[in-house]
Every structure is written in structure tokens, then in C-alpha cells.
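Presented below is the structure to which this report refers.
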Amino acid sequence: MQFHLQEHARHSFAGPCSTARGVGHAGGGASVSVHRARASLAPVRTRRGGGANASTRQGRGRNIRESPERKPGDTSGGRPSVLALHERPVGKEAGNGIGTTLGASCWKSTAVCGLAASPREEDGPSPGRAPATAPAPAKLRGRRCCGWKFLFRRFWTGLACDPHQHPSSYRSSMSRRTPHADGAGSPRGFRRPAALMAAACLALGATLFAPAPAVAAGSTNTDAYRNLGQADRAEWMWGIAGDTRLSNMSIPGTHDTLAIHGGVMVQTQEDYGDSADTLTAQLDRGIRAIDIRVRVTEDRYFTVHHAKYYQEANFDDVMTKAKAFLDKHPTESIVMRLRAECPFSNGGAFDCSNDPKSVTQEKARSIFAGYVQKYADYFYEPSVRGTGRADVPTLNDVRRKVVLGGFDSVGADDSYGLKGFDAHKEDHWAPSQIQEKWNYVKANVNKAITGSADDVYLTYSSASTSPLIDPYQFAGGHQLDDGAAILGVNYQLMRHLNNSAGRVGIIMTDFPGWGLVNAIIDHNDDNMVKGGNRMTWLVNADKTYANSLYQGRCMVRGPEFDSSKTGGLVTQRPCQASPPSSHQWGAEKPSTFDGKGHFFIKAANGKCLTVPYNDGTPPGSGTQLFWWDCETRWFSGSQMWNIIPTKLATATGSRPAYTFINNWTGKCLSMDPATAATAGGKVTQETCPK
């Protein structure tokens, strides 16, 4: 029985196999762990309008004041700018063959995952794996930061003293923030007059809590929370195959993207500056999905709000910063969720009010149409047309564009955005406990991993029940009075993503850290395009296997060893328009024993692609392969192959390609470079690329 390759490897590598993907046993052969490259393309190291009256309310002991708005282009009103601190089912493109090709069970190898066992606890945290015990978050209620008892407690929990007024802004000194010359700088904090106390805290923090060295994946709470790190993820989309639909991507986003003012009950993001400088900082650090909430001001333009609190930015600021980013990085795309924040009737005590209050939903849509016309070259036009939701586009369709996912609360929700944008959404925003929220988030992420590549999955990891549990506590966790640590959603999500694989959809976060952002981006591995490589093969509809580096050379069943015709050499020759049977191969699951998810690669005469037995010693790189009788009773690891899908870059996008890894030797199907141009040149095995 033969199988068609219709699904990606993510179905096989869910669980502990995301970074070390093992090659399993078949019939007792030795096992070899093969590492695949992560999706990261950069080194993983990875914040003014009239019309609104100022208002003040008490928030858990802090005064929270709404700043007067400023009009677009007005540089005199509002607060002065603050300088930066010095710083398928997947597989809709099924694979044209692999013989007549293989099924998803090709990747569901228990041996694969079983061999990628987690390191021993005594080995300590490793890239791609969370530590066995999470670092305890700061105790966030009822304490100031800089008492001596607090300092020593923070020494043992890995959190440094921070001289901010309120413990909501506690941060770990094991931060990856560093001065950066380009783009928005470091997040700004809030100073208090006790300069001596601040200096003492900072000095002690610098001495005891030096930044951790760079690692391949985040492993601590401070990697996942309130620490976006360096501006080194501005172009991660360039390596994604252009024919990948947005629905089949893993996209990090921010909930209430510009909510940096209003106090701990309102703030949801690190503050990198007003006028949408915070947006620039997020985009430079990998964020590609944004959540913009707007108020109609003076009956003619939008200002950015979270509830009644003006966020010192206007919609022109948002689009101007998005335009500048996309001009500088044209391979990228931004998904925007837009919402009319102020109710058009029956608003509550903490809701904003439009200006004037008589503004209608139709007026809000008309104002938005003006922005669409003004920034026509930067919006993905089908998503903002206002006549119905657009089909989900491919990445090539929307590079250097802002894609409107939806425009909510304007009375025409089905007139804007993308089809199915909210169909698979998790947004329980007021759960009773942090763990309850995490359970919702995990369930939706897991559905995205196994769901159809054509469906958009949208997960909000954010929540708030202020004044009981503030947004930063849902994101970063907190410590109870009895010392028990409550893990935040961000850390649990990062840990889960580091130990799984496959598309996870759009994830909107509060106070994300660099490790969480990278973990989401890394789940695009299935859609990364690769260049030609002699260990990467194209499987064609005519059942030929063509090498991706040596174009036009196909694997063939070569000369027989003797007249018995029980076996012979595997060679390569120029591919033919009408290939003979000696050029044709197929992948087939063994029918007489459990191949542990691996496959025979069978020639048209029924013989199997075989690594020479070599008296039981696995041969090395450069060994020429045989075709031989398929073993059905004894050792068969030399004939069992794990098949890993990838994508090969083409002039118009990409096409499916495959790497074949032998179960016994752990080496990859390849071609001999020395005989690559010769008809009858060798087909060999070679050490797989990392």
C-alpha cells in the first residue's frame, strides 16, 4: 500500500521533538539524533488633539490621569517626547509524488519522539527547553522594592531590585535590554526622587545580577515577560515561502499594542515612547500583529485609547510608523485588528466617549475610509474595501502591506478584514485565575497545531480582572504572601512552544519577552524556504527523485551486481521527459512489521533503497547506496528512511522538497559531488546538514 505526502512534519514533532528530532528504531537498529535548523533568521537574542477633558480617578492607591490629546501634526500639545534611554491538516500543496507519496504517519513516529528525550534535570536548562523549576516572579503586593530583606530574597529568586515607585514595574536584571543604535531605544521607566536609593539598588543589581548569556531559546520568566530584548527581528518574514497563506503562519502580536499610559490596571505593553514609537520598537523586535483601539476625536480623526485613557498617539502616528517600517523592510507584513474603543451609546463609567458624543458608526467608517485613501499604498486593499471580508492572502500578496484582520464595533464587522479571522479565537479576558486563562490559551494553541492550514487561529494570551489581578500579573505571574509562586501565562506559553512544533496562528500578548516572541516565530519552520542542497530532493509527479542542487539529475536503479538480479548500485543520470521504470521510485510503509513511522523507498522493480550492511558496522559518508531485496524479517534499519519535508525556493515562491534520513546510520540521501556531472555517478549517504 502506498501513501501520498499530504502533511507536514509538525504532526510528528509535537512534544519534546521540536529542536532535537530523533531518528527512530526499526527492527532494532541504532538510533541517531538529527538536529534540524530552527526558523530564526537572525541571531536569537533575542515604546497629541483636543476634545477630551482631563479626568482623574484613583487606582489602588495611584492617581491615574487622562492626558489631553493632541491633533495630528501638533507638536506643541501634550507631554514632551521622552528620549530613549541611553542606552493541514497542512499540506494543501501535497507533494507531487514521493512515489505516489506518503501520509502524515510518516512523521508520527513514536521512535522519533522517544529518542528526543528531555535532558536530565541535573543537566540544567538547555535551548528549547524550560527549566524544571521556573524562577519565582516578584512578590507583587504590599511591598516596596528596595528593603534589605527584599534584596536578599530577590538574590535567591533571580530578580534584582528596581527603584520604581510601584512593584508593578519590577523587572529582572537578567534582562536582555541593551543600548541599540537604530530604531526605538530602551523602554522608559518612572523615576522617583530617592536618587540615592535608586543608585544603591542599581549598583547592587549590577554586581549580583549580571545579564545571562545569549541562548538559542528563552528559558526563564524574564525571557518571556516584559523584556523584548534587542531590535534584531525586523526581517524574519523574508525566509518564509511567499506562497504561504497568513492562516498557515505563526505570528507574534500584542494586545492593546499602544496601551502604555493609565497605570497598572490599563498598561499592557512596555513603554518605548509616545506617538507610536512603542509600535516601532515592537516591530523591530519581531511583532507582526497589532491591536489598535481608537476614539473619534473632533468628528474627523482617530486617537488611540485604552478605555478612557489616551495613549499619546493618533492613528496617523500608527500608520506613519508602520509605513516607515515597511519601506525599510519590504519583505514584512503587519496584521492589524482595529476596534472602535468608545461605545456609540450606553457607555460605562470607565469607557471613553467619542467627540462629539453624537458620532455614529457610519461616521467612524467614513473617517476610516479617509485613512485608507491617505495610505492606499500600504493597506492590503481587499481587506479595507468595506464591501465584505477578503479571502486569506498569501504572504507574497501582502509583503510591505498592512492587512486588516477586522474592524470591530462599527456596525459592519463583516464588511472589513479577512474571512474567518475570529472563527477560531480564544479571548477569555476576565478569567478568575491565571491558571484558568493558561488552560484556555493552551487549548487554542494546540487546536491551531492540529487544525487546517486554511483556518485562521487567533489566541489572546492577555487578561485582566483589575483590581484583583492586573494585566502584568496575568502575563508575568506573581508571588503569594505564603511565598507560593503563580506562574504567568507568558512563561507557560513560551515553555509549551519550546517543546512543540507546527503552526500556532496569531498570538496576541501582554508584556511579551524576547523568548516568547522567538518561540512563536520558530513555529514557522515548516514554511521556511531552502536553497538547493545535494541532500534535498524534489519528488516529481512522474515518480522521479531529482536532486535540488544538481538540477536535472535523477536517482536511478543502476547496474546489477550479477545475473541473479537480486541487487545492484544506485546511481544518477539526466532526468528524462518520459522516464523509464529504472528512474522511478516510491515511498511505502512496511506491511509485515511496524516500521516505527519510517518508510521503504522502493524502485519500480520492488527492490529497496539500501545502505550496505558492512558486516554490521554503519558505513560513513560517501558510501554508495544499493538497491536490494526488501527485508521483511531480520534487521531492516538500513532500508528504513525518515522523510522530512521542506520547501525549496523558486522564482515565484516555493515548492515541496524532502530530506531522506536513514534509520540505521542517521545520514542523508545525497549525491557524490565528484561524479555529479557524470551519467552513472554515485548516489550516496552523507552527514546531514545541521
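Given G558, G552, which one is surrounded by fewer than 19 Cβ atoms within 10 Å (Cβ to Cβ), closer than 23 Å to K682 by Cβ and either of a type in the set (S, T, Y) or outside the structural domain of Q230 (by TED's automatic domain parsing) (or both)? Spell out how you get there, then give the answer.
On the way: G558 fails: surrounded by fewer than 19 Cβ atoms within 10 Å (Cβ to Cβ).
Of the residues listed, the single one that is surrounded by fewer than 19 Cβ atoms within 10 Å (Cβ to Cβ), closer than 23 Å to K682 by Cβ and either of a type in the set (S, T, Y) or outside the structural domain of Q230 (by TED's automatic domain parsing) (or both) is G552.
Pick from segment 383-396 the residues that are assigned to a helix (DSSP H, G or I) and in contact with a Leu (Cβ under 9 Å, 6 or more places away or on another chain): which of them is surrounded by the fewest Cβ atoms within 10 Å (Cβ to Cβ)? Give the steps one after another, and end with the answer.
First pass over segment 383-396, keeping only residues assigned to a helix (DSSP H, G or I): 383-384, 395-396.
Next, only the ones that are in contact with a Leu (Cβ under 9 Å, 6 or more places away or on another chain) stay: 383-384, 395.
On the way: S383: 28, V384: 24, L395: 22.
If we take residues in segment 383-396 being assigned to a helix (DSSP H, G or I) and in contact with a Leu (Cβ under 9 Å, 6 or more places away or on another chain), then L395 is surrounded by the fewest Cβ atoms within 10 Å (Cβ to Cβ).
Return the residues of segment 300-329 that are buried (at least 22 other Cβ atoms within 10 Å of the Cβ) and among the polar types (S, T, N, Q); say none if nothing qualifies.
Hits for segment 300-329 are T303, Q311, N314.
Those residues that are within 34 Å of the chain's Cα centre (by Cα) and either under 20 Å from D629 (Cβ atoms) or among the hydroxyl-bearing types (S, T, Y) (or both), I need them from segment 587-606; list them, please.
Looking only at segment 587-606, we keep the residues that are within 34 Å of the chain's Cα centre (by Cα), and these are 587-589, 595-601.
Within segment 587-606, A587, E588, K589, G595, H598, F599, F600, I601 meet the criteria.
Please find, among A234, A241, the residue that is surrounded by fewer than 22 Cβ atoms within 10 Å (Cβ to Cβ) and either farther than 23 Å from H305 by Cα or within 14 Å of the chain's Cα centre (by Cα) (or both). Can you show your working first?
Working: A241 fails: surrounded by fewer than 22 Cβ atoms within 10 Å (Cβ to Cβ).
Result of the check over A234, A241: A234.
This table checks each residue for (1) more than 24 Å from M508 (Cα to Cα); (2) under 29 Å from the mean Cα position of the chain (by Cα); (3) in the same structural domain as G242 (by TED's automatic domain parsing); (4) part of a helix (DSSP H, G or I).
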| residue | (1), (2), (3), (4) |
| --- | --- |
| I287 | no, yes, yes, no |
| V296 | yes, no, yes, no |
| Q311 | no, yes, yes, no |
| A322 | no, yes, yes, yes |
| K363 | yes, no, yes, yes |
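Report yes if some residue within segment 629-646 is surrounded by fewer than 23 Cβ atoms within 10 Å (Cβ to Cβ), in a strand (DSSP E or B), among the polar types (S, T, N, Q) and assigned by TED's automatic domain parsing to the domain that holds G568; otherwise report no.
There is no residue in segment 629-646 that is surrounded by fewer than 23 Cβ atoms within 10 Å (Cβ to Cβ), in a strand (DSSP E or B), among the polar types (S, T, N, Q) and assigned by TED's automatic domain parsing to the domain that holds G568.
Which condition number does G205 fail, the rest of (1) under 29 Å from the mean Cα position of the chain (by Cα); (2) modelled with pLDDT under 95; (3) surrounded by 15 or more Cβ atoms within 10 Å (Cβ to Cβ); (4) not hydrophobic (A, V, I, L, M, F, W, C) being met?
Status for G205: all satisfied but (1).
Report whether or not I521 is surrounded by 24 or more Cβ atoms within 10 Å (Cβ to Cβ), of a type in the set (A, V, I, L, M, F, W, C) and part of a strand (DSSP E or B). Let's see the steps before the verdict.
Working: surrounded by 24 or more Cβ atoms within 10 Å (Cβ to Cβ): yes; of a type in the set (A, V, I, L, M, F, W, C): yes; part of a strand (DSSP E or B): no.
Here the answer is no, as I521 does not meet what is asked.
Quickly run through segment 648-681 and pick out the residues that are in contact with a helix residue (DSSP H, G or I) (Cβ under 9 Å, 6 or more places away or on another chain), part of a strand (DSSP E or B) and crowded, with 22+ Cβ neighbours inside 10 Å.
Passing the criteria: only N662.
The values are calculated or read from the model by the stated rules, or taken from the named source; none is laboratory data. This structure is a prediction, so every number in the text was calculated from the model and none was measured. Virtual Cβ from ideal backbone geometry, glycine too; neighbours counted across all protein chains shown.
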